[in-house]
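Structure record follows, encoded as structure tokens.
Coordinate-derived values only; no laboratory data. No experiment lies behind these values; they were computed from the predicted model shown. Cβ atoms come from the backbone with ideal geometry, glycine included; neighbour counts cover every protein chain shown.
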Amino acid sequence: MSIGLLSCESSEAESSGQQDSKPTIEEDSSETISEEESEPVEPFDPAKVDLPEGYALFDSISGDLNGDGRNDYVFMVKGTDPEEWKENQFDETVDRNRRGLLIYLSEGVQANLAVENLDCFSSENEDGGVYFPPELDIEIRDGKFYVHYGHGRYGYWTYTFRYQQDKMKLIGYDNNVSRGPITEYEYSYNFLTGKKLVKKNINVDTEDYEAEEVFTETWSDLPKKELITLSSIEDFDELYFD
């Protein structure tokens, strides 16, 4: 609050040698403050999210990640470096820029950046050898964030994250190993309980695709480790578990 001292001297006082001074007056800035506070805050618009320089939007999803009943936002971004256009195994020039994530958590009508990992995924144009490369998908479900890779007849694998202690932490991993329509193995890791479950199909060697899948189950303990955070993962392709 600024204070102004308003004073004046009347010409009559000057001529008589006397000086009149007016009392100090405080400028009332409450009206200005009130006007500033009443200015509406522009709501977060996911369609206008600011992306880091050198990245473009690849995909986006929304859902509640921290249990407050509000939509949070996950943006998959992709690099735009022209030097990352490479020749693939079919002599085609394809975009090999890597992909990554930005996660915004809602707070009131705004949303704040909670997780940034710009290069943790390979491109969608990697060589798949004799088969197509795994297809990446992201999902928010039941308050958790899922990173899912589907690999057709070879199965799939999924990483489960939960937002806790102000970080997005890896709490589970599931891997399905298949041969065509037949599931050979299922692996399930629970990093919260420290347990690993391996399910083996005892009919794995059958040539009868309609044979019933019968599984044996083996439980084991996982090594005690700190939970991995999403922001610390450099490359999902290099993320392995014992």
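Here are some notes:
- A crude spin-label estimate for the pair residue 42 and residue 68, with each label 7 Å from Cα along the Cβ direction, gives 2.1 nm.
- Pairwise label distance in nanometres, residue 154 with residue 50, each label 7 Å out on the Cα-Cβ vector: 4.1
- Each of 65, 227 has some number of other Cβ atoms within 10 Å of its Cβ, and from fewest to most they run 227, 65.
- Each residue, residue 109 and residue 205, gets one label point 7 Å from its Cα in the Cβ direction; the gap between the two is 6.8 nm.
- Greater than 30 Å apart at Cα, pairs in 86/167; 199/224; 86/225; 48/225; 78/224: 86/167; 86/225; 48/225; 78/224
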